[in-house]
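Contents: one structure, followed by commentary.
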There are 4 protein chains.
Amino acid sequence: QNRARLVISCPDKPGIVAAVTSFLYEQDANIVESSQYSTDPEGGTFFLRIEFDCPNIAERKQEIENGFTSIAQSFQMNWRLHLHNDIKRIAIFVSKEEHCLLELLWEWQAGELLADIALVISNHEHMRNSVESLGIPYYCIPVTKENKSEAEQKQLSLLKEYQVDTIVLARYMQILSPNFVAEFPSRIINIHHSFLPAFVGARPYERAYERGVKLIGATSHYVTDDLDEGPIIEQDVARVDHRHHPEDLKRIGRIIEKTVLSRALKWHLEDRVIIYGNKTIVFH
Amino acid sequence: QNRARLVISCPDKPGIVAAVTSFLYEQDANIVESSQYSTDPEGGTFFLRIEFDCPNIAERKQEIENGFTSIAQSFQMNWRLHLHNDIKRIAIFVSKEEHCLLELLWEWQAGELLADIALVISNHEHMRNSVESLGIPYYCIPVTKENKSEAEQKQLSLLKEYQVDTIVLARYMQILSPNFVAEFPSRIINIHHSFLPAFVGARPYERAYERGVKLIGATSHYVTDDLDEGPIIEQDVARVDHRHHPEDLKRIGRIIEKTVLSRALKWHLEDRVIIYGNKTIVFH
Amino acid sequence: QNRARLVISCPDKPGIVAAVTSFLYEQDANIVESSQYSTDPEGGTFFLRIEFDCPNIAERKQEIENGFTSIAQSFQMNWRLHLHNDIKRIAIFVSKEEHCLLELLWEWQAGELLADIALVISNHEHMRNSVESLGIPYYCIPVTKENKSEAEQKQLSLLKEYQVDTIVLARYMQILSPNFVAEFPSRIINIHHSFLPAFVGARPYERAYERGVKLIGATSHYVTDDLDEGPIIEQDVARVDHRHHPEDLKRIGRIIEKTVLSRALKWHLEDRVIIYGNKTIVFH
Amino acid sequence: QNRARLVISCPDKPGIVAAVTSFLYEQDANIVESSQYSTDPEGGTFFLRIEFDCPNIAERKQEIENGFTSIAQSFQMNWRLHLHNDIKRIAIFVSKEEHCLLELLWEWQAGELLADIALVISNHEHMRNSVESLGIPYYCIPVTKENKSEAEQKQLSLLKEYQVDTIVLARYMQILSPNFVAEFPSRIINIHHSFLPAFVGARPYERAYERGVKLIGATSHYVTDDLDEGPIIEQDVARVDHRHHPEDLKRIGRIIEKTVLSRALKWHLEDRVIIYGNKTIVFH
C-alpha cells in the first residue's frame, strides 16, 4: 500500500493547512482523510492529522521527510510521518482477568487490530496455552514487593528484545514504577475498571456498589506516574440497578472494559490520539 | 379511580407475599403490578411494592389499613398505603438556570407529572412570569450568607402553608442547612450536574473539562447533610470530545440534567423509590 | 442447589398471586424473585415467574407438581416448574461468520452461560478445531438446494441423539423448513443482522448502506415459518455515519449481533422469556 | 463577527485542499474548523466544509466570491459561501402534537438555535397563544382533501412573503404535494416518528407495538416526493418493553422526536449537512 499519515502540532496561525497540503500536492499525494483542531484560533495550539496516498511512499519516505523539514521549521511543528504498513509492535500485560486479552487476541486474529502482538507478559501462568497456541511468545514474570525492581528489569529487557512500541495493560494489576513508565512515555495504555475520576484506585466495583451508582463504567488512559490520572482516551458506561451485587457489576463491567480498551488501542495504533497537557485529542 | 399502592419493607422470611396477597384478595383487590427485592433471602431485608385496584378504595382506606395492622405487626413491617388519587404536593426550588424547571412545568402541563406543583421558590426574580402565567404561586427569597437562616425560615413557613410533601431542587444553587433538611427527610430531590461520585461539589463541568473526560453526566439524589452524598435515584451520561469547551459541556449537560431529574421525580411521585441505607431501590 | 422457578400464564382474575404464594409457603419455599405482567387486569392474560428456594427440591419436584395441579386447574393455568440445576441442552448452528459462536463459547467457558452446549452443527468445516478443542462435538453438514431435506433429517437425528432442548442460530445462513421449525416450536433462537422490521431478508447491511441510516442494529427472535417475523426477544443498535462502507457496517454490526444474541439466549435459558401471540414478555 | 463557511463538492482529484486553503490564506482567513469526505479517492466525489475567520468578511464577501470563481471552475465545484451572521429564516409547520414546536421555541429563546423563526403555520389554532406571545407570527390554515391545493398556495405565498429559507415539519401531519416540495428542494426537514425504514407511513407506534419491538425510534430527514424516503439526517432510539402500550410508546417517543429533530435542524442551519444521492454527509 501507498498510504501514510502525517501528524502535526504547532502554534496556530494562518497558512498551516495551505502550506502542508500544497507540499503534499507537489509530492503527488492524494489526501484521503484530514482532521484538525485548534485550542484557540488566536494563539492556541493547532493539531492536524492527514492520511494520504502517495506513489512509492515506502521508497520516498526519507526524501519527503527531508522536503518537509523547512515547512516544519517555519511553523515550529512537532510532526511525525507514519507509513500505514509500519505496523506498531505491542506487548500485552495481563494478570488473572483474561477477558481483555482474549478480546484483543480475537480481534487480532480477525485482522481488525493494526498491530503485531510481539509478546504477552503476565505475572501468572494460566493464559500460556491460549497465547502460545497462536504463535505469540508468553512470558510469566511473577511480581512481589521484594522482586518488583528486578521483575521490571526483566520486562524492560524483553520489551527491548522484541522491539516493542506500545504496551497495553489488559487488566494488569501491578503498579508500574516511575522508572518503567519513563521508558515508554505516552506509549502505555491502561484500562481502569471505573468511570474515572470516580473510584480512582483499588476495588472500584465494590465501591460503586457501596455508593449505589446507577451506571458503572470503564476508562482507557495513558499511564503516567500519577495512578489513574493519565490522559483519558475513551470511556463508556452500562446501566446497573439495586439488584446487582459486586460480582454482577464485575461481570457487566467486563464487557465495557474490553470494548473501551479495544477502541482506545485501535485509535492509538492509527495515530489518531494526540496528547495535549493531561488530555487527549482523538481524531476518529 | 380505585387504584392504590402498598409499599412494604420488613425482615425477609417465608410467607410475606402469601400473607399480603391473600389479605388483598380478601379485600376484593386486583393486583395490577408487583415488584419485590430482598437484600438476602436468608435474613436480609425484603421490599415489596404492590399496585392494585379495589372498589371504593377511597372510602375503605381506613378500614383496610386497620385490617392490615395485624399482618404488618407479625412481620415487623414498615408500610404505607397510598391512594393513586392522593397526588403529592411539590415545591420546586430554582436559581438562575431554568431548564429543569421548564421541563417539569412542561411535563406538568402535558399531564405527565403525577403531582400538584404547589409553589415555586427562587432566589431570583426572572422566572416569575413563566410560573405565574400557569397559575402557580412564585416566591422570590434572596439568600445571602447573612440572611440564610431567616430565608430558610421563610421557605419552611411557605412549605407548611402550602402543605408541601416533596421538594425538588431544580438547579437550586444554595446549600440547605441540616435543620432544613431534617424537616423533609428523604423528601428533597436534587439534580447534581455531574456523574457522581465524580466531581462532587462546585463547578463540575469546568472540572470535567480540565480532566478531559469523554462522557459527562448528571445525578439525581435525595438530599442529606453530606453534600452530594445522598442516595442516588438516577444517573445518565452523554458523550463529549476534545472540541467541547466548558460552555458546550453545560449546554449538553442541560439535556441530561432535566431528563434525569424528571425520571427520578416521577419514580418518587409513584412511590417507586425506597431508600435503604445510603442507596435506593427503584421499582420501575 | 435448592432453587427452582415456576412460570405461569392464565386468564387474569383476583387471587392468583395469593393462591400461588400461599401454596409455595406451605411447601417451605422462600421466594427470591418474582415478576408478573397482565395484558389487562380486566379479562386479560396474566403471566407470573417466581424463583424460589425450597429444601430438597430435586427429590420433591414430583410431589410439588402434583400438589400444584388443583390450583393450576382452578385458574386454567399453563405452567412449568423448572429446577435451577436442570440445565438446558443447546445446539449451536453456525455458517461462515464465527463471532457469535465464539462469544457463546467464551461465555460458556467463563461459566456465564447456564447451558450445556451439546453440539455445534455447521455447513462448513472451518470452526471444527476451535469447537472440538473444548470437548464439544462438531458436525459439518453441507446444505445445498438438492440435499436440503436430507441435511435437515441428519440435523434432526443429531438433535434427538444429543437430547437438545434449544437451538441457537449463531449466524446460520440457511433457512429452516417449516417441518424442521415444527419440531422445535418456540425453541429456536436466531440473530438477524438488522434492526427488524427494517431490512427483513438478505443483505441487510448493504441495504442499510444504500438507505443511508444513521444507526444499525441487530435483532434476536424466535424462529417461526415467516422469515424474520418471529417474536422479538432483544434488539440493540450502534451509531454509524456517512464514512462507513458496508464492510464497516458489518464490522460494527458483529459486536451488536453477538451481544444481542447472548442476552436473548441467557434470558431464554433462565425461562425469563414468555411468548404471547407474536410478541415476547421478558422478565429481566 | 467575521466568521464564514465555505461548502464545496466536486470530483475528487489531488490538489483541491491545497488550492482552497492557499486561496483562503491569501485572503487573510484563519481556518477554525475543516471537515472533508471523499466517496472514493480514485474518481469519487469530494466534499469539503471549511469554517474560517476573515477580517471584514461582510464587506468583502462579493470580492472573495469573485476571486474564488476561477478555482471553483478549474475543479468543477459546486460551492456556497455563507456568512455566519446570515441567519437562516425558517418556518415551522405543526399540527396537534406540540412537543417538537415547544422544544424548538425553547432552544430559540435560549439562543441555541441559529435561526430566525419567521412564522409558524398550523392546520390548528391551539398553539397560537404560545407562539404569538413570543412575537412570532402564527397562521392557521386548515387543510382538507378539498382545499389542499388552495391551502398550499396560501402557505407558499406566506413563505415567500416572509422570505423563508427552510421549512421544519415539527409533527405536521399533512402530506405535501410534489409541487410544494419542488419549491423547497432539500430545504424541508421532517421528523418521522419511527426508526426508518421500519414503519414507513401512518401509525408507526401502533405498528411498533403490534410487532413487539424492543426499541422505538425517530428519524429526521429531508422531504422528497417519496413519502418517508428522503435523505436521513439523524436518528435515535429508546428502549421499551412488553409493559408499554401504544400510548406509552408515544410518550417515550416524543422525547426522541424532539431531540432528533433539534439536532438535525441545527446541523442543517450550520450547513453541516450535504445531500449526496439519497443520503446525507453530516460534518459534526
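Quick check: is even one residue across segment A:263-278 assigned to a loop (DSSP other than H, G, I, E, B), touching a residue at least 60 places away in the same chain (Cβ under 8 Å) and surrounded by 22 or more Cβ atoms within 10 Å (Cβ to Cβ)? Within segment A:263-278, not a single residue is assigned to a loop (DSSP other than H, G, I, E, B), touching a residue at least 60 places away in the same chain (Cβ under 8 Å) and surrounded by 22 or more Cβ atoms within 10 Å (Cβ to Cβ).
Could you figure out which of (1) under 27 Å from the mean Cα position of the chain (by Cα); (2) more than 16 Å from C:SER38 (Cβ to Cβ) isn't true of B:GLY43? If we test B:GLY43 against (1) under 27 Å from the mean Cα position of the chain (by Cα); (2) more than 16 Å from C:SER38 (Cβ to Cβ), just (1) comes out false. Being touching a Phe, Trp or Tyr at 6+ places or on another chain (Cβ under 6 Å) and under 17 Å from C:ARG187 (Cβ atoms) is the filter; apply it to segment C:228-262 and report the residue that is surrounded by the most Cβ atoms within 10 Å (Cβ to Cβ). For segment C:228-262, the residue satisfying everything is C:GLY230. Per the listing B:ALA110, B:ALA115, the residue uniquely closer than 30 Å to B:THR259 by Cα and out of contact with any Leu (no Cβ under 8 Å at 6 or more places or on another chain) is B:ALA110. Tell me whether segment B:207-221 contains one or more residues that are surrounded by fewer than 23 Cβ atoms within 10 Å (Cβ to Cβ), under 18 Å from B:TYR172 (Cβ atoms) and without any contact (Cβ under 8 Å) to a residue 60 or more places away in the chain. No, because not a single residue in segment B:207-221 is surrounded by fewer than 23 Cβ atoms within 10 Å (Cβ to Cβ), under 18 Å from B:TYR172 (Cβ atoms) and without any contact (Cβ under 8 Å) to a residue 60 or more places away in the chain. For segment B:229-262, which positions are part of a loop (DSSP other than H, G, I, E, B), in contact with a Ser or Thr (Cβ under 9 Å, 6 or more places away or on another chain) and in contact (Cβ under 8 Å) with a residue 40 or more places away in the chain? Those that are part of a loop (DSSP other than H, G, I, E, B), in contact with a Ser or Thr (Cβ under 9 Å, 6 or more places away or on another chain) and in contact (Cβ under 8 Å) with a residue 40 or more places away in the chain: B:GLY230, B:PRO231.
What number of residues within segment A:20-53 satisfy the criterion of being of a type in the set (D, E, K, R) and under 16 Å from D:PRO41 (Cα atoms)?
Just the residues of segment A:20-53 that are of a type in the set (D, E, K, R), to begin with: A:26, A:28, A:33, A:40, A:42, A:49, A:51, A:53.
Now narrow it down to the ones that are under 16 Å from D:PRO41 (Cα atoms): A:28, A:33, A:51, A:53.
Number of matching residues: 4.
Among the residues of segment D:127-160, write down those that are in contact (Cβ under 8 Å) with a residue 12 or more places away in the chain and closer than 19 Å to B:SER130 by Cβ. Of everything in segment D:127-160, those that are in contact (Cβ under 8 Å) with a residue 12 or more places away in the chain and closer than 19 Å to B:SER130 by Cβ turn out to be D:MET127, D:ARG128, D:SER130, D:VAL131, D:LEU134, D:ILE136. Every test in (1) in contact (Cβ under 8 Å) with a residue 12 or more places away in the chain; (2) loosely packed, with under 13 Cβ neighbours inside 10 Å; (3) assigned to a loop (DSSP other than H, G, I, E, B); (4) among the polar types (S, T, N, Q) is passed by C:SER186 save one, and that test is (2). The number of residues in segment B:24-41 being surrounded by fewer than 21 Cβ atoms within 10 Å (Cβ to Cβ), in a helix (DSSP H, G or I) and within 8 Å of chain C (Cβ to nearest Cβ) comes to 1. Only a single item in (1) charged (D, E, K, R); (2) closer than 29 Å to A:ILE87 by Cβ; (3) within 13 Å of chain B (Cβ to nearest Cβ); (4) over 11 Å from the mean Cα position of the chain (by Cα) is not met by A:ARG263, and it is number (4). For B:VAL20, indicate whether it is of a type outside the set (Gly, Ala, Ser), part of a helix (DSSP H, G or I) and more than 8 Å from chain C (Cβ to nearest Cβ). Criteria met by B:VAL20. Only one of the numbered conditions (1) touching a Lys or Arg at 6+ places or on another chain (Cβ under 9 Å); (2) of a type outside the set (Gly, Ala, Ser); (3) part of a helix (DSSP H, G or I) is not met by D:ASN179, and that is (1). Among residues of segment D:78-125 being within 26 Å of D:ALA4 (Cβ to Cβ) and of a type in the set (Gly, Ala, Ser), the one that is nearest to the other protein chains (Cβ to nearest Cβ) is D:ALA110.
When segment D:124-140 is filtered for residues that are crowded, with 18+ Cβ neighbours inside 10 Å and assigned to a loop (DSSP other than H, G, I, E, B), only D:MET127 remains.
When restricted to residues that are crowded, with 22+ Cβ neighbours inside 10 Å and of a type in the set (Phe, Trp, Tyr), segment C:74-107 contains 1. Can you find a residue in segment B:57-65 that is within 12 Å of another protein chain (Cβ to nearest Cβ) and crowded, with 18+ Cβ neighbours inside 10 Å? Looking through segment B:57-65, none of the residues is within 12 Å of another protein chain (Cβ to nearest Cβ) and crowded, with 18+ Cβ neighbours inside 10 Å.
From the set of residues in segment C:200-242 that are acidic (Asp, Glu) and closer than 18 Å to C:ILE167 by Cβ, which is farthest from the other protein chains (Cβ to nearest Cβ)? Steps first, please.
So in segment C:200-242, the residues acidic (Asp, Glu) come out as C:206, C:210, C:225-226, C:228-229, C:234, C:236, C:241.
Going one step further and asking which of them are closer than 18 Å to C:ILE167 by Cβ, we end up with C:225-226, C:228-229, C:234.
Details: C:ASP225: 17, C:ASP226: 12, C:ASP228: 11, C:GLU229: 9, C:GLU234: 6 Å.
Taking the candidates together, the pick is C:ASP225.
Just so you know, in segment B:144-164 the residues that are surrounded by fewer than 19 Cβ atoms within 10 Å (Cβ to Cβ) and in a loop (DSSP other than H, G, I, E, B) include one that is nearest to the chain's Cα centre (by Cα), and it is B:GLN163.
For segment A:43-56, which positions are more than 8 Å from chain D (Cβ to nearest Cβ) and of a type outside the set (Val, Ile, Thr)?
Taking segment A:43-56 and keeping what is more than 8 Å from chain D (Cβ to nearest Cβ), we get A:43-52, A:54-56.
Selection gives A:GLY43, A:GLY44, A:PHE46, A:PHE47, A:LEU48, A:ARG49, A:GLU51, A:PHE52, A:CYS54, A:PRO55, A:ASN56.
Within segment B:189-206, the only residue that satisfies the criterion of being touching a residue at least 60 places away in the same chain (Cβ under 8 Å) and either surrounded by fewer than 24 Cβ atoms within 10 Å (Cβ to Cβ) or assigned to a loop (DSSP other than H, G, I, E, B) (or both) is B:HIS193.
Quick note: the coordinates plus some simple rules give every number you see, no bench work behind them. What you are looking at is a predicted structure, and each value in this text was computed from that prediction instead of being measured. Positions of Cβ are generated from backbone atoms using ideal geometry, with glycine treated the same way; all protein chains shown enter the neighbour counts.
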